[in-house]
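Q: Dropping a structure here in structure tokens format, bear with me for questions.
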Amino acid sequence: MNDLYITSSHGKTPDFDYVLNHKKVCMVTDKIIGPKEICKEILKRNLDRTVIVGENLSYDNEKITIGSPDEILNTDEFDMCVVVILEDY
């Protein structure tokens, strides 16, 4: 995992052209730019990616959701999360 790009959208708008140029990304999100907004950016660029969303990590109600950008867009709303984006091979 030494090739993982770590960034945040918490309180700022990321440069998605730069971020999505990486094969593996981990992003801390907020309620403004979260998993669904990230997936819209992936789809806008016609990229093949797997998205992993970790919600409420380390709590009793922890939830991990794995899917394509389309699948994540069709999931219920997310709270503050960590999102991992992996390039499909």
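Q: Within 10 Å, at most 11 other Cβ atoms, and a DSSP state outside H, G, I, E, B define an exposed site. Report the longest part of the chain free of exposed GluC sites (Glu not before Pro).
A: Details: sites that count: Glu62, Glu77.
By the stated rule (loop sites, at most 11 other Cβ atoms within 10 Å), 1-61.
Q: Please give every one of the aspartates and glutamates within straight-line cross-link reach of Lys12, meaning a C-alpha to C-alpha distance under 18 Å, and leave out same-chain neighbours fewer than 8 residues apart.
A: Asp30, Glu37, Glu41, Asp79
Q: Between the alpha-carbon centers of the stretch 1-21 and the stretch 43-79, tell me the distance in whole angstrom.
A: 16 Å
Q: Subtract the Cα-Cα distance of Arg45 and Leu73 from 0.36 nm times their separation in residues, and report this length gain in nm to one decimal.
A: Residue separation times 0.36 nm, minus the Cα-Cα distance, leaves 8.5 nm.
Q: Near Lys40, which aspartates and glutamates are there with a Cα under 12 Å away, not counting those fewer than 8 places off in the same chain?
A: The qualifying aspartates and glutamates are Asp70, Glu71.
We did not get these values from a lab; they are worked out from the coordinates using the rules stated. Only a predicted model underlies this, so the values are computations on that prediction, with no experimental measurement involved. Virtual Cβ from ideal backbone geometry, glycine too; neighbours counted across all protein chains shown.
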